[in-house]
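Below you'll find the structure, written out as C-alpha cells, and then a few comments.
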Amino acid sequence: MHIDLTIERWNPKYRNAFFELNRAWIEADYPLEEIDINVLSDPEIHILSDGGSILSAIAGEEVVGVVALRAVGAHEFELTKMAVDVPWRGRGVGKQLLRAALDEARALGAHRVILYSNTQTSGPAVALYRKMGFQEIPLEAGKYKRADIKMERTLNTIPIRKTAKSRLPETDLSKLTFGTIVSDHMLVADYKNGAWQPPEITPYENLSLPPSTMALHYGQIVWEGMKAFRLKDGGVSIFRIGRHAQRINRSLVRMAMPTMPDGYFENCVRALVALDRDWVPGSPGSALYIRPLVFATDAMYGVKISDTYRFVIFTGPVPPFYANPLKVKVEEKFIRAAHGGTGAAKCAGNYGGALYPAKLAREAGFDQIIWTDLSPELNIEESGTMNVMFVIDGKVVTPGLSDTTLDGITRDSILALAPELGYTAEQRPVSAFELVEAHKRGVLQEAFGAGTAAVTIPFELIQVKEHALKLAPVQPDFFSVRVRELLNEIRTGQRPDTHHWNTVL
C-alpha cells in the first residue's frame, strides 16, 4: 500500500528518532554492538562527516522510518541503519525509503551500494532488497556479528544525452498498437579491440550503416524481448532481467559473437528503463517492451566472423498482445530449425525463415502454425514465435528443450508457477498424433502459446492433417487464464514475488 510520505535529509531534530527506531529494530533480536552505539550516538561523525547521508520518512510530523548511507570507498556507500516504526511496517514505508536512498546515492556519486543483513530475523527486508535489485555477494568475516548476508547493487554510471523534446506528451498510452511506438531514448555500445566499450544513452535516432555492413549480409544478429511493468505503487519493475542476460549470451556464443561481461547487460537495461520510466503504461496487461539487439558491424562483404559489433537497446509501450483465441495448423512441409542449427538461439534468421510458412497458413484461414521436427511422429516444438503448452488430462505438458527450441522465459515462469495452481508439469516429447488421440478421449483440455509478447494466448482450433481439433471455449478457471493472471500480479507487485523475478527501479 502506497503511503503519502515526505522524505527529508538529516535534521538534528530527528536525532532521537534515528536512535530509538534503530535501537528498537536491532534490540528486538540482538544486543547493540559497539559499531551500532557509535553510529547511533553520533551520526554526524560516523556518517555525515565522510560525505554520507541520513534520510527520514515523515508522516505528518512523525518520523516513521530512517535510513543512512555511509561512505566506505570511492563511489561506494553502505546502506545501513534502516528501520521502520512498528505500526508502519508492511505499509510500503521501507520501499519508499529504499527507493529514496538509491536516488540519494546516485546524487552523491555512488557507483555501488552495499548492505549487510540477517536472513533469519530480517527476511522481509532481505526480500525487499532483492526486489530492488540487490544481489548477494560473498560475506567477509567479522564485519557485523549478526550479519549472515552481504548484498550489492550497482548504480547507473552510463553517460546520458537527453532528448531536447520528449514525445511522451503527444502519446496516448491508453491507445497503443504493438511494436509501433518507441520511447525517447536508446542505448548504444560498441565492441572493438576485443572488448565491449562503455555504453551511452542518446535520443532515439536512426543508425548510419554502410551497405557492406556484415550483419546485413550474413545474419550475425541476436536480440532479446523483455518487459518492464508499472507496479501498483507507481514504481517500475523489470521482469527476469538476469535470465534474459544469460540467454542473450548463449545466443551470442552460438552466433560466434562476443559475450557480455557479468552485469553489463543488466546495467544497460536498468539505466535505459530508469530514464524512460514515464513511458511505462499502467493499464492492465500493458507494459514497456524492451528490445536489446547485437549485430556485426565490420564493413566487409567477405564471409567471416566480424571483429566489431554494436549493442543497441530501445523500448516502447505496448498493449496486451493478441486479443482472441487462435486457429493454428500443424506444419507439414516447413521446419523452423534442425538439430545442430540455431533453433535455440534468439537470432534474426530464425524469425525471417518462419515468415513465409506463417503467411501461407494465414492465407489458408489460420492465425499461426505449430512447428514440428517433421519426423513421422510430428513431434511438436513451438508455435509461431512462441513456446507451446497443453493441458492434457489435468497436467500441463510442454515439449522439452533442445537445440531446436528456444528456452522461453515465459515458458520457464509458467512451469515454475504450475504447482502453485495445483498442476503437475511435464516436459517431454509431444506428438501431434497424441493431441489427436487426447482430443478423441476428451482429455485435451487446453492448448496455448506462451511468450513475452503474448504471455499466454489460447488456441481454439488445432489442425493436424485432416483432423480439426476444436477446443472448448476459454473459461476463467482455465490454467492458461489463471497462470497469466498470476504472472501479471507478480510482475505488477500485486502479489509477493517469492521467486525474486522482479528488478524494481
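I'm checking my understanding of the structure. Among residues of the range 172-191 that are at pLDDT 95 or above and not aliphatic (A, V, I, L, M), which one is nearest to Ala287 (Cα to Cα)?
Filtering the range 172-191 for residues that are at pLDDT 95 or above and not aliphatic (A, V, I, L, M), the one nearest to Ala287 (Cα to Cα) comes out as Ser183.
Any idea which of Thr163, Thr177 is assigned to a loop (DSSP other than H, G, I, E, B), surrounded by 14 or more Cβ atoms within 10 Å (Cβ to Cβ) and not aliphatic (A, V, I, L, M)?
Numbers: Thr177 fails: surrounded by 14 or more Cβ atoms within 10 Å (Cβ to Cβ).
After applying the criteria, what remains is Thr163.
Can you pull out every residue in the range 188-238 that is of a type in the set (A, V, I, L, M) and in contact with a strand residue (DSSP E or B) (Cβ under 7 Å, 6 or more places away or on another chain)? Don't jump to the end; show me each part of the working.
Applying the first criterion (of a type in the set (A, V, I, L, M)) to the range 188-238 yields 188-189, 195, 201, 207, 209, 214-216, 221-222, 226, 228, 231, 236, 238.
Across the range 188-238, the qualifying residues are Val188, Ala189, Ile201, Met214, Ala215, Ile221, Val222, Met226, Ala228, Leu231, Val236, Ile238.
Could you grab the pairs with beta carbons closer than 8 Å, sequence gap of 6+ or different chains, first residue in the range 101-115 and free of Cβ contacts under 8 Å to residues at least 40 places away in the same chain, second one crowded, with 22+ Cβ neighbours inside 10 Å and among the polar types (S, T, N, Q)?
Listed by first residue and then by second, the contacts come to Leu115/Thr80.
When you scan the range 471-483, do you find a residue that is of a type in the set (S, T, N, Q) and part of a helix (DSSP H, G or I), even just one? Lay out the reasoning, then the answer.
Here is the first cut: in the range 471-483, the residues of a type in the set (S, T, N, Q) are 475, 480.
Right, trim to part of a helix (DSSP H, G or I) and you get 480.
Taking every residue of the range 471-483 in turn, at least one turns out to be of a type in the set (S, T, N, Q) and part of a helix (DSSP H, G or I).
Can you name the number of the only condition in (1) under 26 Å from Met226 (Cα atoms); (2) surrounded by fewer than 18 Cβ atoms within 10 Å (Cβ to Cβ) that Glu332 fails?
All conditions pass for Glu332, except number (1).
Quick one: would you say Glu434 is surrounded by 15 or more Cβ atoms within 10 Å (Cβ to Cβ), in contact with a strand residue (DSSP E or B) (Cβ under 6 Å, 6 or more places away or on another chain), assigned by TED's automatic domain parsing to the domain that holds Val481 and modelled with pLDDT of 95 or more?
Values: surrounded by 15 or more Cβ atoms within 10 Å (Cβ to Cβ): yes; in contact with a strand residue (DSSP E or B) (Cβ under 6 Å, 6 or more places away or on another chain): no; assigned by TED's automatic domain parsing to the domain that holds Val481: yes; modelled with pLDDT of 95 or more: yes.
For Glu434, the condition - surrounded by 15 or more Cβ atoms within 10 Å (Cβ to Cβ), in contact with a strand residue (DSSP E or B) (Cβ under 6 Å, 6 or more places away or on another chain), assigned by TED's automatic domain parsing to the domain that holds Val481 and modelled with pLDDT of 95 or more - is not met.
I'd like the full set of residues that are surrounded by fewer than 20 Cβ atoms within 10 Å (Cβ to Cβ), under 36 Å from the mean Cα position of the chain (by Cα) and free of Cβ contacts under 8 Å to residues at least 60 places away in the same chain, limited to the range 29-49.
Leu48
Read through the list (1) out of contact with any Asp or Glu (no Cβ under 9 Å at 6 or more places or on another chain); (2) surrounded by fewer than 16 Cβ atoms within 10 Å (Cβ to Cβ), then give the number of the only condition that Ala338 fails.
Exception for Ala338: condition (1).
Can you confirm whether Asn38 is under 18 Å from Ala125 (Cα atoms), in a helix (DSSP H, G or I) and in contact with a helix residue (DSSP H, G or I) (Cβ under 6 Å, 6 or more places away or on another chain)? Before the answer, list the steps.
On the way: under 18 Å from Ala125 (Cα atoms): no; in a helix (DSSP H, G or I): yes; in contact with a helix residue (DSSP H, G or I) (Cβ under 6 Å, 6 or more places away or on another chain): yes.
Taking the combined requirement at face value, the residue does not satisfy it.
If you take just the strands (runs of 3 or more DSSP E) that sit entirely in the range 52-131, which of them hold at least 1 residues that are surrounded by 19 or more Cβ atoms within 10 Å (Cβ to Cβ), hydrophobic (A, V, I, L, M, F, W, C) and over 27 Å from the mean Cα position of the chain (by Cα)?
53-59, 62-73, 76-84
Counting just the residues of the range 204-226 that are outside any loop (DSSP other than H, G, I, E, B) and under 26 Å from the mean Cα position of the chain (by Cα), which one comes out surrounded by the most Cβ atoms within 10 Å (Cβ to Cβ)?
Val222
The values are calculated or read from the model by the stated rules, or taken from the named source; none is laboratory data. Note that the coordinates shown come from a computational prediction; the quantities given were computed from them, not determined experimentally. Note that we place each Cβ from the backbone using ideal geometry, even for glycine, and neighbour counts take in every protein chain shown.
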